[in-house]
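None of the figures in this text is laboratory data; all of them are computed from the coordinates on show. Because the structure is a prediction, the values reported are computed rather than measured. So basically every Cβ, Gly included, is an ideal-geometry build from the backbone, and we count neighbours across all protein chains shown.
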2 protein chains.
Amino acid sequence: MKFSLKITISLKKGMLDPEALAIKHALDNLSFNVESLGTARVFFIEVDESSEDAARQKGQDMCDRLLANPVIHSYEIEVSGV
Amino acid sequence: MKFSLKITISLKKGMLDPEALAIKHALDNLSFNVESLGTARVFFIEVDESSEDAARQKGQDMCDRLLANPVIHSYEIEVSGV
């Protein structure tokens, strides 16, 4: 069966996000004056697995082995049928 | 009033996503064999505006002026109160 994984990877709380700081600075220069800014990466992955749990496990394995750095990143996985 | 914007920026349909191709290739090399893979960027921005509509408009302006390239990107804005 096909499942769609939505994996959101963001920096752990307290981690410095230089990219977000730079973007916030640029927005302030354009006089948008935002209070705070954070960033995240999202992956939309379609997998062929026997069950929803197997699909979620595959998502976790992909995060642990490639997509996320366990030291600085946290991730959320949403599974839905296709 | 403070509002929280969640801005999701992704490539328009049909656009080549070299980053996604490279990641899919790496996942296949790790024998994950995914069917398809797409990526998106998410910005969590807190703004101080008079109304929800004003906050949404500010989000659109930020996308049009800095965060998104209108030629290749499409974006979604979710507004919620803080």
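Among B:Ser31, B:Ser10, the order by Cβ neighbours within 10 angstrom, fewest to most, reads B:Ser31, B:Ser10.
Put simply, the convex hull of the Cα atoms in region B:2-81 casts, on average, a shadow of 6.3 nm². Look at where the Cα atoms of region A:44-61 and of region B:1-18 average out, and the two centres are 24 Å apart. Across the identical copies, the label point of B:Asp64 (7 Å from Cα in the Cβ direction) is separated from its matches by 4.7 nm, in order from shortest. The dipole here belongs to region B:2-81: it is taken about the Cα centre, uses +1 on the Cβ of Lys and Arg and -1 on the Cβ of Asp and Glu, and is about 160 debye. Computed from phi, the 3J(HN,Hα) profile of region B:48-56 under the Karplus parametrisation 6.51, -1.76, 1.60 (θ = phi - 60°) reads 10, 9, 6, 8, 5, 5, 5, 5, 4 Hz, with x in place of Gly and Pro. For chain A, GluC sites (Glu not before Pro) are listed when DSSP marks them as loop and at most 15 other Cβ atoms sit within 10 Å of their Cβ; the list is A:Glu35.
The mean sequence separation of alpha-carbon pairs under 8 Å and at least six residues apart, normalised by the residue count of chain B, gives a relative contact order of 53 percent. How far is helix B:18-29 tilted, in degrees, relative to the longest principal axis of the Cα atoms in chain B, given as a value from 0 to 90 rounded to the nearest 10? Around 50 degrees separate the two axes.
On the rotation that sends chain B to chain A, the chain B Cβ lying closest to the axis gives residue and distance in whole Å as B:Val42, 3.
Divide by every residue of the protein assembly as shown the summed helix terms, -39500 (n - 2.57) for each DSSP H run of at least 4, and state the resulting mean residue ellipticity at 222 nm, rounded to the nearest 500 deg cm²/dmol. Before the final figure, lay out each step's value.
Values: 4 runs with 46 residues, N = 164.
The helix-only estimate for the protein assembly as shown comes to -8500 deg cm²/dmol at 222 nm.
Taking amide H atoms as placed 1.01 Å from N in the peptide plane, the amide H of B:His73 lies under 5 Å from those of B:Lys12, each 5 or more residues away in sequence or on another chain.
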